[in-house]
Amino acid sequence: MTRLTAAIGRYRHTETLFSDTLLRIEPFPVISRAFAPMVRTQAFDISEMAIATFLMARAAGSDLVLLPVVLAARSQNGALLRRTADPFGPGDLRGRCIGVRTYSQTTGLWLRGILQEEYGLQPAQARWVTFEDAHIASFRDPPWAERAPTGSDMLAMLRNGRLDAAIFGNDIPAGTDLVPVFPDPEAAGQSFLARHHLMPVNHMVVCRAEIAGQEGLVQSLLDRFRAAGTPFPFGRAALDPAIRLALRYAAEQGLLERPLTLDDVWAGLPPGCDEPEDGA
């Protein structure tokens, strides 16, 4: 069997995949750099994918197929930082300048949703400063977002006061000069969990439609991901609540070219491949 080209981050729960004879995994030290090539040119057979990017791609007409596998999920509240010397909380962000790598970044999607739900902050009520284009080539930032000057560094802008707050990904900058905007991020994350009964999903897995159309191949891939020891919910039924909420947030924030249903999101997934096997 021809090996499938893949772009997957190296985690404890994907380690065994790197020696799997079915996959030829391309090296990406920063896995998010694989997302644009995948949604723009389908550069790989399968790829890790930010959920916000996939939803935007599907709304824009992409035929990539979403697999019910989570590779990254976490509480988001600790990713929104401010300067220690400038105390304010999540209820004080109206009119403030908030940096984010791209407006479409998945961490930003979840945090804007949380701020709107819990504090009534509409996306247009803050100034969102972006630093890169979205992975989806056709997407343009909404009117309430502006691009930082070319060559700007988000962390430096936060530290020198040109930004009031900034959203970071998995790598939170070190230093006592920065603290979370949420006074107790862990408690805020638990509050989200209690309200929605789910952990925000960051990265899932997609494949080309041609791969999904080959009999038994998607099931074989799912078996491999499950056997690798995923610590996250697995299967469509388990993931529908998180996808439904991400869809709502994305629509409210101006990220989708057209409305999507859950069936639209899962289109192309072969029947019988959306749940773990009995006893698995």
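The values are calculated or read from the model by the stated rules, or taken from the named source; none is laboratory data. Keep in mind that what you see is a predicted model, and the values were worked out from it rather than measured. As a convention, Cβ positions derive from the backbone with ideal geometry for all residues, glycine included, and neighbour counts pool all protein chains shown. Areas reflect the complete protein model, heavy atoms only, side chains present, ligands, DNA and RNA absent. Shrake-Rupley method; radii C 1.70, N 1.55, O 1.52, S 1.80 Å.
Observations on the structure shown:
- Verdict on F44 being within 18 Å of L66 (Cα to Cα) and touching a His at 6+ places or on another chain (Cβ under 6 Å): no
- The condition (being of a type in the set (D, E, K, R) and in contact with a helix residue (DSSP H, G or I) (Cβ under 9 Å, 6 or more places away or on another chain)) is satisfied by just one residue among D177, D223, D171: D177.
- The one condition in (1) open to solvent by 50 Å² or more (accessible area, probe 1.4 Å); (2) outside any loop (DSSP other than H, G, I, E, B); (3) more than 24 Å from L67 (Cβ to Cβ) that E210 fails to fulfil: (3)
- Boolean, A238 is of a type in the set (A, V, I, L, M), surrounded by 13 or more Cβ atoms within 10 Å (Cβ to Cβ) and within 29 Å of P185 (Cβ to Cβ): yes
- Number of the condition not met by T21 [criteria: (1) in a helix (DSSP H, G or I); (2) touching a Lys or Arg at 6+ places or on another chain (Cβ under 8 Å)]: (1)
- Whichever residue in region 15-47 is of a type in the set (S, T, Y) and under 18 Å from the mean Cα position of the chain (by Cα) and, among such residues, is surrounded by the fewest Cβ atoms within 10 Å (Cβ to Cβ): S32
Table: residues versus (1) crowded, with 18+ Cβ neighbours inside 10 Å; (2) farther than 30 Å from R82 by Cβ.
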site	(1), (2)
A187	no, no
Q190	no, no
V206	yes, yes
L217	yes, yes
R226	no, yes
P233	yes, yes
A242	yes, no
P259	no, yes
G272	no, yes
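- Scope region 223-241; condition assigned to a helix (DSSP H, G or I) and either of a type in the set (G, A, S) or closer than 11 Å to V70 by Cα (or both); matching residues: F225, R226, A227, R236, A237, A238, L239
- Residue count for region 1-18 satisfying the condition of being of a type outside the set (D, E, K, R) and either out of contact with any Asp or Glu (no Cβ under 6 Å at 6 or more places or on another chain) or in a helix (DSSP H, G or I) (or both): 9.
- Checking each residue in region 242-253 for being part of a helix (DSSP H, G or I) and more than 12 Å from A59 (Cα to Cα) picks out A242, I243, R244, L245, A246, R248, Y249, E252.
- Of the strands (runs of 3 or more DSSP E) lying entirely inside region 65-177, those containing at least 1 residues that are within 28 Å of A242 (Cα to Cα) and free of Cβ contacts under 8 Å to residues at least 40 places away in the same chain are 127-130.
- Top-ranked residue in region 192-201 [being in a helix (DSSP H, G or I) and hydrophobic (A, V, I, L, M, F, W, C); ranked as surrounded by the fewest Cβ atoms within 10 Å (Cβ to Cβ)]: A194
- Conditions (1) outside any helix (DSSP H, G or I); (2) within 21 Å of H197 (Cα to Cα); number of the one not met by L256: (2)
- Condition check for R74: at pLDDT 95 or above, within 12 Å of the chain's Cα centre (by Cα), open to solvent by 10 Å² or more (accessible area, probe 1.4 Å) and charged (D, E, K, R): yes
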